[in-house]
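Chemist: One structure, as structure tokens, below. Some questions next.
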Amino acid sequence: MAGLLATAELCDTNAGLLASGELRVLQPVFRAYGQRQAFSGPVMTLKVFEDNSLVREALETRGDGRVLVVDGGGSMRCGLVGGNLGLLAHNMGWAGIVVNGCIRDVDEINGYDIGVRALASHPVKSNKRGIGERHVPVHVAGTLIRDGEWLYADSDGILVSSCEISV
């Protein structure tokens with residue numbers, strides 16, 4: 001996508017930030033979904049487990065180009081984002097969603113202009129009990145991610161930075 005910075009280039013030109021830990025690389029455990037193969041933006045974090053109530057609440061707010069990072073505890077027992085939430089994220093202006101867990105309705109999500117990364121897909125829907133935490137530091141793919149940091153994702157991988165960076 002035009003205007004987005006390649007993660008490999010960001011790593012090459014920001015070696016100092018990589019060395020200091022201000023720029024971190026997530027372990028390559030995610031599968032790519034959605035039409036947007038590359039996306040970036042400020043992070044909003046959620047910590048949930050097999051309950052997507054807070055995910056829906058977050059995606060119902062204006063995304064303004066942000067990236068929702070959902071720490072679903074790595075659960076492989078249900079999908080935390082499905083077609084309805086994918087469409088909602090697209091319509092509300094979110095740049096992307098990173099899920100430490102599963103999604104569902106993959107064919108629907110792949111039809112939307114949004115970037116989604118998740119561990120896998122799973123056909124079972126999640127619980128809806130409203131349990132979880134917003135705007136808290138989360139550990140995803142070996143990396144601590146804080147609310148308000150910047151995330152950059154493309155076909156090479158996912159980076160998180162303490163601040164917006166350039167090449």
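Chemist: Starting from the Cα-Cα distance between Ser162 and Ala19, subtract it from 0.36 nm times their residue separation and give me the gain in nm to one decimal.
Modeler: Result: 50.2 nm gained on full extension.
Chemist: Return the distance in nm (one decimal) between the two label points of a simple spin-label model at His135 and Met76, each offset 7 Å from Cα along Cα→Cβ.
Modeler: In this crude spin-label approximation the distance works out to 3.5 nm.
Chemist: Hey, another quick one. Quick one, which of (i) 15.8, 48; (ii) 27.3, 108; (iii) 14.6, 44 is the actual Rg and Dmax of the Cα atoms in Å calculated for this model?
Modeler: Checking each listed value against the structure points to (iii).
Chemist: So which residue, out of Gly74, Gly142, Gly96, gets the largest mean-square fluctuation from a GNM of the chain using Cα contacts under 10 Å as springs?
Modeler: It is Gly142.
Chemist: Net charge around Leu18, counting only other residues with Cβ within less than 12 Å of its Cβ (Lys, Arg = +1; Asp, Glu = -1)? Before the final figure, lay out the partial values.
Modeler: Working: positive: Arg24; negative: Asp12, Glu22.
Residues near Leu18 contribute -1 overall.
Chemist: If you filter segment 1-96 for GluC sites (Glu not before Pro), then keep DSSP loop positions with at most 13 other Cβ within 10 Å, what is left?
Modeler: Values: sites: Glu9, Glu22, Glu50, Glu57, Glu60; in loops: Glu22, Glu50, Glu60.
Listed in order of number, the matching sites are Glu60.
Chemist: While we're here: So, counting K/R as plus one and D/E as minus one, what does the shell of residues with Cβ under 14 Å around Glu133 add up to?
Modeler: Counting the neighbours of Glu133, the net charge comes to 0.
Chemist: Also, I was wondering about something else. Of Asp147, Asp105, Asp64, which is the most mobile in a GNM of the chain whose springs link Cα atoms less than 10 angstrom apart?
Modeler: Looking only at Asp147, Asp105, Asp64, the biggest GNM fluctuation is shown by Asp64.
Chemist: Simple spin-label model, 7 Å along Cα-to-Cβ: Asp147 to Leu5 in nm?
Modeler: 2.5 nm
Chemist: Amide H neighbours of Gly82 under 5 Å, counting only residues 5+ apart in sequence or on other chains, H built in-plane at 1.01 Å?
Modeler: Under 5 Å from the amide H of Gly82 lie the amide H atoms of Arg104, each far enough along the sequence or on another chain.
Chemist: Tally Lys/Arg at +1 and Asp/Glu at -1 over every other residue whose Cβ is under 12 Å from the Cβ of Ala6; what's the total?
Modeler: With Lys, Arg at +1 and Asp, Glu at -1, the net is -4.
Chemist: Going by average Cβ density within 10 Å per residue, which order do the peptides 119-128, 80-89, 35-44 take, highest to lowest?
Modeler: The densest-packed peptide leads the list: 80-89, 35-44, 119-128.
Chemist: Could you go through segment 149-154 in sequence order and give the Karplus-derived ³J(HN,Hα) for each residue, using 6.51 cos²θ - 1.76 cosθ + 1.60 with θ = phi - 60°, rounded to whole Hz, and x for Gly and Pro?
Modeler: 6, 10, 10, 10, 10, 8
Chemist: Out of residues 5 or more away from Val140 or on other chains, whose amide H comes under 5 Å of its own, with H placed 1.01 Å from N in the peptide plane?
Modeler: Those qualifying (amide H under 5 Å, at least 5 residues apart or on another chain) are Ile145.
Chemist: Show me, for segment 22-37, the HN-Hα J-couplings you get by feeding each phi into the Karplus relation (A = 6.51, B = -1.76, C = 1.60, θ = phi - 60°), rounded to Hz, glycine and proline as x.
Modeler: Result, ordered by residue: 6, 10, 10, 10, 6, 4, x, 10, 9, 9, 9, 9, x, 7, 8, 6 Hz.
Every number here is computed from the coordinates shown, using simple stated rules; none is lab data. Keep in mind that this is a model prediction, so the values were computed, not measured. Methodologically, a virtual Cβ is constructed for each residue, glycine included, from the backbone with ideal geometry; neighbour enumeration extends over all protein chains shown.
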